[in-house]
There are 2 protein chains.
Amino acid sequence: MMPDPRFDLKFHRDVSLSPDQVWDGWTHPETLMKWFCPRPWKVVECEIDLRPGGIFRTVMQSPEGMNMPDDAGTFLAVEAPHRLVWTNALGPDFRPKPKPEDVHLGFFFVVDLRFTPLPNGGTSYTAIVMHQDEQGRQAHAAMGFEQGWGIALDQLVELKGSAKPNERR
Amino acid sequence: MMPDPRFDLKFHRDVSLSPDQVWDGWTHPETLMKWFCPRPWKVVECEIDLRPGGIFRTVMQSPEGMNMPDDAGTFLAVEAPHRLVWTNALGPDFRPKPKPEDVHLGFFFVVDLRFTPLPNGGTSYTAIVMHQDEQGRQAHAAMGFEQGWGIALDQLVELKGSAKPNERR
């Protein structure tokens, strides 16, 4: 899919993990909680029902112990281990959210993740994040999208890379 | 799925068509154009790419020949022949629409259709239409949702019921 530069943010990185390892990181709550949020913030709750229309919910906590309000989003496409699409614009069972102001980031987005195997066993990791309008894209960029996704992904690589081989999946 | 009376409209009817006949009516453009819109309005264009993230687009024309602006929506769930979910809030490839004011009805919705076989060979036909807020539900109801869906479904039953058996699918 081609990103639209007016509305979309794109994050791309080649990583040393396999698509299966990346998929595990995104789809198992106990794994996701360990890397999804740049430290010293952390994920203190995570709920995943891995099917289109199933819930995807995380609660992040600041270093001061303040929880971000939890917005239950949903999955739109679940194609293990190569593609995962989710959104905060619809909740479980595809129920539309009332207003972008009501979700904690203040805007709606759809994330289209692609995990493509590389000849060296690694993964070409691409996220295209689509927003409703330019304001949404700009707000997300200004929050430190590129840096935040990079730090989080480094945490996933560190987590999986440090796991013993028989603990990897 | 249970409808939420604040935000949802529900349409239910038992019809004499099989789930396969109803599914055909909803998923083949040449069939859909013959029943989808209460006469004397008509559907003059229809585009269907029957997969989650695929386009669902219709153009309706008034008796005076005026075309409604076309909004490309998308499918969210495609489970032949029993369940079809689509929305006007996202376009093809799940791209979010900018604003509800920009779609021709003026509000976003998600339609969850269920076609359940009845012992007599017919179908329990249920649509739950979810809106972002009460205003969306009220606006949709005031446009004649219940009557419009009923007339259109009558047109589908008439169309399929009058087809020769070997033309049915």
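Points to keep in mind about this one:
- At least 2 residues being of a type in the set (Phe, Trp, Tyr) and under 13 Å from the mean Cα position of the chain (by Cα) is the threshold, and among the strands (runs of 3 or more DSSP E) wholly inside the stretch A:72-169 those reaching it are A:109-117.
- Residues of the stretch B:113-124 that turn out to be surrounded by fewer than 16 Cβ atoms within 10 Å (Cβ to Cβ) and among the hydrophobic types (A, V, I, L, M, F, W, C), as a count: 1
- Residues located in the stretch A:46-88, provided they are more than 12 Å from chain B (Cβ to nearest Cβ), open to solvent by 40 Å² or more (accessible area, probe 1.4 Å) and closer than 14 Å to A:ASP112 by Cβ: A:HIS82
- Set side by side, the residues B:ALA127, B:ALA152 differ, and just one is touching a helix residue (DSSP H, G or I) at 6+ places or on another chain (Cβ under 7 Å) and touching a residue at least 60 places away in the same chain (Cβ under 8 Å), which is B:ALA127.
- All positions within the stretch B:16-49 that are assigned to a loop (DSSP other than H, G, I, E, B), under 13 Å from the mean Cα position of the chain (by Cα) and of a type in the set (A, V, I, L, M, F, W, C): B:MET33, B:TRP35, B:PHE36, B:CYS37
- Candidate set: the stretch B:4-15, residues that are facing chain A (nearest Cβ under 10 Å) and not in a strand (DSSP E or B); chosen: the one surrounded by the fewest Cβ atoms within 10 Å (Cβ to Cβ): B:ASP4
- For the stretch B:16-45, the set of residues classified as among the hydrophobic types (A, V, I, L, M, F, W, C) and either open to solvent by 20 Å² or more (accessible area, probe 1.4 Å) or within 19 Å of B:HIS104 (Cα to Cα) (or both) consists of B:TRP23, B:MET33, B:PHE36, B:CYS37, B:TRP41, B:VAL43, B:VAL44, listed by residue number.
- Within the set A:PRO40, A:PRO29, the sole residue that is farther than 30 Å from B:MET1 by Cβ, more than 14 Å from chain B (Cβ to nearest Cβ) and without any contact (Cβ under 8 Å) to a residue 40 or more places away in the chain turns out to be A:PRO40.
- Subset of the stretch A:107-119 that is more than 16 Å from B:LYS97 (Cβ to Cβ) and aliphatic (A, V, I, L, M) - its residue that is nearest to the other protein chains (Cβ to nearest Cβ): A:VAL111
- Output for the stretch B:125-139, where each listed residue is open to solvent by 20 Å² or more (accessible area, probe 1.4 Å) and more than 12 Å from chain A (Cβ to nearest Cβ): B:THR126, B:GLN138, B:ALA139
- For the stretch B:89-106, the set of residues classified as more than 9 Å from chain A (Cβ to nearest Cβ) and at pLDDT below 95 consists of B:PRO100, B:GLU101, B:ASP102, B:VAL103, B:HIS104, B:LEU105, B:GLY106, listed by residue number.
The values are calculated or read from the model by the stated rules, or taken from the named source; none is laboratory data. Just so it is clear, the model here is predicted, and its values are computed rather than measured. Don't worry about glycine lacking a Cβ; one is built from the backbone with ideal geometry, like all the others, and counts go over all protein chains shown. The protein model used for the area step is the full one, side chains on, heavy atoms only, and it has no ligands, DNA or RNA in it. Shrake-Rupley method; radii C 1.70, N 1.55, O 1.52, S 1.80 Å.
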